[in-house]
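Following: one structure in structure tokens, then a few remarks.
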Amino acid sequence: MNFIKRGFLGITRKKGKSLILLAVIFILGNLISGAISIQQATGNVETNIKDRLGTAATLELDHEAVEDLSEEEWLEIENIDIDLIKQIGALSYVKYFDYNTSTYLGSESIESYQGEETEDEVVMMGPSMDFKLNGINYAPVIDFEEQKGKLVDGRVFTQDEVDNGTSVAIISTKLAEKNDLNVGDTFTLENAVYTYDEETGEEDVVTSRDVVLEVIGLFEPQSIKEDIEVDSDTGMIDWMDIEYQNTVYVPNEIVASENRYHMEEYMKEDEEFAKMMEEEGDSFEYYTPMFYLNSTEDSEAFEEEVAPLLPEFYTVINATDQYDSIAGPMESMSKLAKYVLLVAVIATVLITGLVVLLFLRDRKRELGIYLSLGERRIRVVGQILIEVMVVAVIGITLSLFSGNLLAGQVSDMMMKANENQDEYYEEYIYFGDTQIDLTTEDVIDSYEVNLNSSYVLGFYGIGLLTILISTVIPLIYIVRLNPKKILM
């Protein structure tokens, strides 16, 4: 009789033993299935949250490395220069990049936006210094590319305007509405230089100059909740929104020019400060680089390639690094799932191996007869493998669904336990000028246990391989059988 047919007959004729093996594989399969489900779900959370954090990367001082430096050592730290920024920006991992400088200016001719609920309460005395002049070098404006803002009227900069420092600007629609400004209009900001009188505690304007800009575009915030300036529960003003509404995008050279003017004029009034700046040889120009990568998966490779290029004490900071600050519960669940999976696999190998070995010992005479009749050992081994693997496929298929359901129930319990410990938390992550707010609900929504092709293939692969290993070990018993001794 064909050994394959004997294998299937062995399953049906020994129903009791087949059911016992099925039950063992089903129970252990549930553990494996549940562990894989939880691991997959926590992996989805990491992917979703990192996608939300984005692909941004920047260069900053390593605060741990510089915290013990002396004042002299601090002064010797190099700045990141533009040539290095461009060199890094040319790497294959970078989709686009920019480097920015900014300053705050006031105005006596236009009013800043202060939020819908506070408009009547704000009384301005002299230049407000509420307008953030945000320099850019990437003409299409990275904030618009990354959906922090959206151009709704007019146009973005041309590269010639950026390179030549043309006096053009893009402002928010609310700032434009408040001051009745349209595309093509001009407005004036004031770069005022103040001195501080230590005796009276008063600040005096010693000099100032006007900065006249032409409006070429209007934008609306996207990532910031622009329609909620005052929290209805706490009455707190959304300062991040207000600052962004008062942001004025201009070429970098406009900001650099105003910073130079301010520092030079201030140095004329403060000789001690001027002497210190001359000794340091400071250029007054500081740029914050921002690189946007092709994918969050490029973050590690980008960091490894950039690190050797940086001056001492500088490091690469990726937006995805912030995941670690909010991933505590997910990391705990992922580690727990890994331990459960490891224990389940080891237990399956041991328990299933012992069950198969016991069944083989009971069938010693039957196997001896096959061998004495001239049946090759490999065919006898094949028969036993068929008997075990067919039952294993049934058991694993059943546990595929029940284990996934069990993982969902366990996950819900763990999530509720987390919510009971901390009913609500909101984590604010600041990266560059961007605020990302993540809540308990965001994390929970990202966590989802479901059936998909990668889970099914992974589970069948791990499950069947584990059963195969646990079966092969007892099969050594068959190879060592001596049919003459058995039948004597």
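Name the single residue, out of those in the stretch 156-181 being assigned to a helix (DSSP H, G or I) and either among the small types (Gly, Ala, Ser) or under 19 Å from VAL211 (Cα atoms) (or both), that is most open to solvent (accessible area, probe 1.4 Å). Break it down stepwise before answering.
Start the filter on the stretch 156-181 by keeping residues that are assigned to a helix (DSSP H, G or I), which leaves 159-164, 173-178.
Among the residues that remain, those that are also either among the small types (Gly, Ala, Ser) or under 19 Å from VAL211 (Cα atoms) (or both) are: 161-164, 175-176.
Working: GLU161: 23, VAL162: 9, ASP163: 95, ASN164: 114, LEU175: 2, ALA176: 3 Å².
If we take residues in the stretch 156-181 being assigned to a helix (DSSP H, G or I) and either among the small types (Gly, Ala, Ser) or under 19 Å from VAL211 (Cα atoms) (or both), then ASN164 is most open to solvent (accessible area, probe 1.4 Å).
When you look at ILE80, is it assigned to a loop (DSSP other than H, G, I, E, B), out of contact with any helix residue (DSSP H, G or I) (no Cβ under 7 Å at 6 or more places or on another chain), hydrophobic (A, V, I, L, M, F, W, C) and crowded, with 19+ Cβ neighbours inside 10 Å, yes or no? Please lay out each step first, then the result.
Working: assigned to a loop (DSSP other than H, G, I, E, B): yes; out of contact with any helix residue (DSSP H, G or I) (no Cβ under 7 Å at 6 or more places or on another chain): yes; hydrophobic (A, V, I, L, M, F, W, C): yes; crowded, with 19+ Cβ neighbours inside 10 Å: yes.
Judged against the criteria, ILE80 is a match.
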Tally, over the stretch 433-478, of residues that are modelled with pLDDT of 70 or more and closer than 30 Å to SER372 by Cα: 10
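Of all the residues that make up the stretch 46-68, how many are in a loop (DSSP other than H, G, I, E, B) and either surrounded by 14 or more Cβ atoms within 10 Å (Cβ to Cβ) or touching a helix residue (DSSP H, G or I) at 6+ places or on another chain (Cβ under 9 Å) (or both)?
Going through the stretch 46-68, the residues in a loop (DSSP other than H, G, I, E, B) turn out to be 54-55, 62, 67-68.
Of the ones still in play, those that are also either surrounded by 14 or more Cβ atoms within 10 Å (Cβ to Cβ) or touching a helix residue (DSSP H, G or I) at 6+ places or on another chain (Cβ under 9 Å) (or both) are 54-55, 62.
Count: 3.
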Which numbered condition ALA392 misses (of (1) buried (at least 19 other Cβ atoms within 10 Å of the Cβ); (2) within 21 Å of ARG6 (Cα to Cα); (3) modelled with pLDDT under 70): (3)
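Conditions tested, residue by residue: (1) modelled with pLDDT under 80; (2) under 44 Å from the mean Cα position of the chain (by Cα); (3) open to solvent by 40 Å² or more (accessible area, probe 1.4 Å).
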{"residue": "ARG6", "(1), (2), (3)": "yes, no, no"}
{"residue": "LYS15", "(1), (2), (3)": "yes, no, yes"}
{"residue": "ILE25", "(1), (2), (3)": "no, yes, no"}
{"residue": "ASN30", "(1), (2), (3)": "no, yes, no"}
{"residue": "ILE36", "(1), (2), (3)": "no, yes, no"}
{"residue": "ASN44", "(1), (2), (3)": "yes, yes, yes"}
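Starting from residues that are closer than 15 Å to ILE38 by Cβ and open to solvent by 50 Å² or more (accessible area, probe 1.4 Å), keep the ones in the stretch 395-415 and report whichever is modelled with the lowest pLDDT.
Taking the stretch 395-415 and keeping what is closer than 15 Å to ILE38 by Cβ, we get 399-400, 402-415.
Filter again for open to solvent by 50 Å² or more (accessible area, probe 1.4 Å), leaving 405-406, 409-410, 412-414.
Values: LEU405: 81, LEU406: 80, GLN409: 75, VAL410: 73, ASP412: 68, MET413: 69, MET414: 64.
Per the criteria, the residue is MET414.
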Given (1) modelled with pLDDT of 90 or more; (2) closer than 20 Å to GLU214 by Cα, number of the condition GLU108 does not satisfy: (1)
Residue selected from the stretch 106-119 under the condition on the phi < 0 side of the Ramachandran plot and not charged (D, E, K, R), by the criterion most open to solvent (accessible area, probe 1.4 Å): SER109
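Assess whether VAL345 counts as being within 19 Å of THR12 (Cα to Cα) and modelled with pLDDT of 75 or more.
Values: within 19 Å of THR12 (Cα to Cα): no; modelled with pLDDT of 75 or more: yes.
No: the conditions fail for VAL345.
One residue is enough: does the stretch 211-220 have a residue meeting the conditions at pLDDT below 90, closer than 21 Å to GLY106 by Cβ and open to solvent by less than 30 Å² (accessible area, probe 1.4 Å)?
Taking the stretch 211-220 first, the residues at pLDDT below 90 are none.
No, that holds for no residue.
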Extreme residue, nearest to TYR286 (Cα to Cα), among residues of the stretch 93-105 that are more than 20 Å from the chain's Cα centre (by Cα) and open to solvent by 50 Å² or more (accessible area, probe 1.4 Å): SER102
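The values are calculated or read from the model by the stated rules, or taken from the named source; none is laboratory data. Note that this is a predicted model, so its numbers are computed, not measured. With ideal geometry, Cβ positions are generated from the backbone for all residues, glycine too; neighbour counts draw on all protein chains shown. All accessible areas refer to the heavy atoms of the entire protein, side chains included, with ligands and DNA or RNA removed. Shrake-Rupley method; radii C 1.70, N 1.55, O 1.52, S 1.80 Å.
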